[in-house]
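One structure is given here, and the rest of the page talks about it.
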Amino acid sequence: TMGLFTKDIKTMNDLFVHQLQDIYYAEQQLTKALPKMADKATDPQLKQGFLTHLEETKQHVKRLEEVFKMHGAQVKAVDCPAIDGIIAEADETAGEVADKAVLDAALINAAQAAEHYEIVRYGSLIAWAKQLGRNDCATVLAKTLEEEKATDRKLTTLAESKVNLRAAS
Ligand code: FE
Ligand code: FE
(Lines give C-alpha, C1' and ligand atoms only; values in the text may rest on other atoms or scores of the structure.)
(Ligands and ions follow the chains in the order given, each with its own letter.)
Protein backbone atom coordinates (compact mmCIF):
# COMPACT_ATOMS: atom_id res chain seq x y z
CA THR A 1 0.00 0.00 0.00
CA MET A 2 0.99 3.56 -0.57
CA GLY A 3 1.80 5.45 2.61
CA LEU A 4 1.55 9.18 2.91
CA PHE A 5 5.29 9.74 3.01
CA THR A 6 6.53 7.04 0.67
CA LYS A 7 8.22 7.99 -2.58
CA ASP A 8 5.09 7.15 -4.57
CA ILE A 9 3.78 10.63 -3.84
CA LYS A 10 6.02 13.17 -5.53
CA THR A 11 3.86 16.16 -6.29
CA MET A 12 0.98 18.04 -4.72
CA ASN A 13 -1.16 16.56 -7.47
CA ASP A 14 -0.14 13.05 -6.37
CA LEU A 15 -1.02 13.99 -2.80
CA PHE A 16 -4.38 15.40 -3.88
CA VAL A 17 -5.28 12.23 -5.78
CA HIS A 18 -4.05 9.98 -2.97
CA GLN A 19 -6.15 11.79 -0.38
CA LEU A 20 -9.15 11.66 -2.71
CA GLN A 21 -8.67 7.87 -2.78
CA ASP A 22 -8.36 7.81 1.01
CA ILE A 23 -11.54 9.78 1.67
CA TYR A 24 -13.34 7.78 -1.05
CA TYR A 25 -12.59 4.64 0.97
CA ALA A 26 -13.61 6.38 4.21
CA GLU A 27 -16.97 7.50 2.77
CA GLN A 28 -17.65 3.95 1.53
CA GLN A 29 -16.93 2.52 4.97
CA LEU A 30 -19.19 5.14 6.56
CA THR A 31 -22.09 4.12 4.31
CA LYS A 32 -21.76 0.68 5.95
CA ALA A 33 -21.24 1.97 9.51
CA LEU A 34 -24.05 4.55 9.69
CA PRO A 35 -26.97 2.07 9.35
CA LYS A 36 -25.45 0.06 12.21
CA MET A 37 -25.14 3.19 14.33
CA ALA A 38 -28.76 4.08 13.56
CA ASP A 39 -29.79 0.58 14.70
CA LYS A 40 -27.96 0.99 17.99
CA ALA A 41 -29.24 4.51 18.74
CA THR A 42 -32.22 4.82 21.08
CA ASP A 43 -33.00 8.54 20.86
CA PRO A 44 -35.30 8.95 17.81
CA GLN A 45 -33.65 12.21 16.75
CA LEU A 46 -30.22 10.59 16.88
CA LYS A 47 -31.45 7.57 14.95
CA GLN A 48 -32.97 9.84 12.30
CA GLY A 49 -29.82 11.98 12.25
CA PHE A 50 -27.71 8.95 11.40
CA LEU A 51 -30.12 7.93 8.64
CA THR A 52 -30.17 11.46 7.20
CA HIS A 53 -26.38 11.56 7.19
CA LEU A 54 -26.32 8.11 5.57
CA GLU A 55 -28.19 9.58 2.59
CA GLU A 56 -25.78 12.54 2.51
CA THR A 57 -22.82 10.15 2.73
CA LYS A 58 -24.05 8.26 -0.34
CA GLN A 59 -23.97 11.62 -2.12
CA HIS A 60 -20.43 12.22 -0.83
CA VAL A 61 -19.35 8.99 -2.54
CA LYS A 62 -20.96 10.16 -5.80
CA ARG A 63 -19.39 13.63 -5.54
CA LEU A 64 -15.95 12.08 -5.12
CA GLU A 65 -16.51 9.99 -8.24
CA GLU A 66 -17.43 13.22 -10.01
CA VAL A 67 -14.22 14.90 -8.77
CA PHE A 68 -12.04 11.96 -9.87
CA LYS A 69 -13.56 12.25 -13.34
CA MET A 70 -13.27 16.05 -13.48
CA HIS A 71 -9.60 15.70 -12.57
CA GLY A 72 -8.98 12.91 -15.09
CA ALA A 73 -8.00 10.49 -12.31
CA GLN A 74 -9.01 6.85 -11.93
CA VAL A 75 -11.93 6.29 -9.54
CA LYS A 76 -10.14 4.25 -6.92
CA ALA A 77 -10.10 3.71 -3.15
CA VAL A 78 -7.03 3.09 -0.99
CA ASP A 79 -7.23 1.65 2.51
CA CYS A 80 -7.64 4.27 5.19
CA PRO A 81 -6.52 2.80 8.53
CA ALA A 82 -7.62 5.98 10.32
CA ILE A 83 -11.32 5.61 9.52
CA ASP A 84 -11.12 1.84 10.06
CA GLY A 85 -9.76 2.60 13.54
CA ILE A 86 -12.48 5.14 14.30
CA ILE A 87 -15.21 2.70 13.20
CA ALA A 88 -13.63 -0.26 15.03
CA GLU A 89 -13.33 1.75 18.22
CA ALA A 90 -16.96 2.86 17.91
CA ASP A 91 -18.08 -0.78 17.57
CA GLU A 92 -15.94 -1.83 20.48
CA THR A 93 -17.14 0.96 22.76
CA ALA A 94 -20.78 0.39 21.79
CA GLY A 95 -20.40 -3.27 22.70
CA GLU A 96 -19.22 -2.34 26.16
CA VAL A 97 -21.96 0.18 27.05
CA ALA A 98 -24.96 -1.47 28.69
CA ASP A 99 -27.10 1.59 29.46
CA LYS A 100 -29.00 2.82 26.37
CA ALA A 101 -28.80 6.49 27.28
CA VAL A 102 -25.05 6.25 27.84
CA LEU A 103 -24.77 4.34 24.56
CA ASP A 104 -26.37 7.28 22.72
CA ALA A 105 -23.75 9.62 24.21
CA ALA A 106 -20.99 7.21 23.12
CA LEU A 107 -22.46 6.94 19.60
CA ILE A 108 -22.51 10.73 19.25
CA ASN A 109 -18.88 10.87 20.31
CA ALA A 110 -17.92 8.17 17.79
CA ALA A 111 -19.86 9.89 15.01
CA GLN A 112 -18.17 13.21 15.78
CA ALA A 113 -14.75 11.54 15.56
CA ALA A 114 -15.68 10.44 12.02
CA GLU A 115 -17.04 13.89 11.09
CA HIS A 116 -13.91 15.61 12.37
CA TYR A 117 -11.76 13.23 10.35
CA GLU A 118 -13.75 14.07 7.25
CA ILE A 119 -13.64 17.80 7.97
CA VAL A 120 -9.82 17.71 8.15
CA ARG A 121 -9.51 15.74 4.92
CA TYR A 122 -11.99 17.82 2.93
CA GLY A 123 -10.48 21.05 4.24
CA SER A 124 -7.06 20.15 2.85
CA LEU A 125 -8.47 18.69 -0.37
CA ILE A 126 -10.29 21.97 -1.06
CA ALA A 127 -7.18 24.05 -0.34
CA TRP A 128 -5.05 21.81 -2.57
CA ALA A 129 -7.63 21.77 -5.37
CA LYS A 130 -7.56 25.59 -5.42
CA GLN A 131 -3.76 25.59 -5.38
CA LEU A 132 -3.76 23.17 -8.33
CA GLY A 133 -6.09 25.46 -10.27
CA ARG A 134 -9.07 23.14 -9.82
CA ASN A 135 -11.70 25.49 -8.47
CA ASP A 136 -14.27 23.23 -10.14
CA CYS A 137 -13.21 20.32 -7.92
CA ALA A 138 -13.01 22.61 -4.86
CA THR A 139 -16.62 23.72 -5.37
CA VAL A 140 -17.90 20.12 -5.42
CA LEU A 141 -15.82 19.16 -2.37
CA ALA A 142 -17.02 22.26 -0.49
CA LYS A 143 -20.64 21.06 -0.71
CA THR A 144 -19.66 17.91 1.13
CA LEU A 145 -17.54 19.77 3.70
CA GLU A 146 -20.53 21.96 4.56
CA GLU A 147 -22.68 18.85 5.19
CA GLU A 148 -19.98 17.32 7.42
CA LYS A 149 -19.79 20.54 9.45
CA ALA A 150 -23.58 20.79 9.72
CA THR A 151 -23.76 17.17 10.90
CA ASP A 152 -21.10 17.83 13.51
CA ARG A 153 -23.02 20.88 14.78
CA LYS A 154 -26.29 18.91 14.95
CA LEU A 155 -24.58 16.17 16.96
CA THR A 156 -23.20 18.73 19.42
CA THR A 157 -26.65 20.27 19.85
CA LEU A 158 -28.26 16.87 20.38
CA ALA A 159 -25.64 15.90 22.97
CA GLU A 160 -25.82 19.15 24.87
CA SER A 161 -29.60 19.61 24.71
CA LYS A 162 -30.65 16.17 25.93
CA VAL A 163 -28.50 13.08 25.33
CA ASN A 164 -25.79 13.92 27.86
CA LEU A 165 -28.40 14.92 30.46
CA ARG A 166 -30.22 11.63 30.03
CA ALA A 167 -26.95 9.68 30.08
CA ALA A 168 -25.94 11.30 33.37
CA SER A 169 -29.28 10.80 35.13
FE1 FE B 1 -18.89 12.27 4.24
FE1 FE C 1 -19.83 12.61 7.43
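The values are calculated or read from the model by the stated rules, or taken from the named source; none is laboratory data. Only a predicted model underlies this, so the values are computations on that prediction, with no experimental measurement involved. Here Cβ is always computed from backbone atoms with ideal geometry, including for glycine, and neighbour counts include all displayed protein chains. Accessible surface areas use protein heavy atoms only, side chains included; no ligands, DNA or RNA. Shrake-Rupley method; radii C 1.70, N 1.55, O 1.52, S 1.80 Å.
At a Förster distance of 30 Å, what's the computed FRET efficiency of ALA98 paired with THR157, Cβ-Cβ distance as r, to 0.05? After rounding to 0.05, the efficiency reads 0.70. Couplings 3J(HN,Hα) for region 119-135, derived from phi with the Karplus relation 6.51 cos²θ - 1.76 cosθ + 1.60 (θ = phi - 60°), are 4, 4, 5, 5, x, 5, 4, 5, 4, 5, 4, 4, 4, 7, x, 10, 4 Hz, where x marks Gly and Pro. Length available on full extension from LYS76 to ASP39: 0.36 nm per residue minus the Cα-Cα distance, which gives 10.4 nm.
Using only side-chain charges placed at the Cβ, +1 for Lys and Arg and -1 for Asp and Glu, the dipole size of region 95-154 relative to its Cα centre rounds to 320 debye.
On a per residue basis, the chain carries 52 Å² of accessible surface, using protein heavy atoms and a 1.4 Å probe. Taking 0.36 nm per residue of separation and subtracting the current Cα-Cα distance, fully stretching the chain between ARG166 and GLN112 would add 17.6 nm. Considering only LEU64, GLN112, THR93, and ranking their Cα positions along the charge dipole of the chain that arises from unit charges at the beta-carbon of Lys, Arg, Asp and Glu, the one farthest toward the positive end is LEU64.
Across region 140-169, the residues whose backbone nitrogen lies under 13 Å from the label position 7 Å along the beta-carbon direction of THR52 are 147-159.
Indicate the gyration tensor shape class of region 1-107 (rounded, prolate or oblate), computed on the Cα atoms with a ≥ b ≥ c the square roots of the eigenvalues: a/c under 1.5 is rounded; otherwise a/b larger than b/c is prolate and the rest oblate. It comes out oblate by the Cα gyration axes.
For the residues HIS53, HIS18, HIS71, a GNM of the chain with alpha-carbon springs under 10 Å puts the largest fluctuation on HIS71. Counting heavy atoms of the protein chains alone, LYS58 has an accessible area of about 90 Å² for a 1.4 Å probe.
Taking the charge dipole of the chain about its Cα centre, with +1 at Lys and Arg Cβ atoms and -1 at Asp and Glu Cβ atoms, the residue from VAL163, LEU46, VAL102 reaching farthest to the positive side is LEU46.
Taken about its Cα centre, the chain carries a charge dipole of about 440 debye when Lys and Arg each add +1 at the Cβ and Asp and Glu each add -1 at the Cβ. Counting only protein heavy atoms and a probe of 1.4 Å, the accessible surface of region 67-132 is 52% carbon and sulfur.
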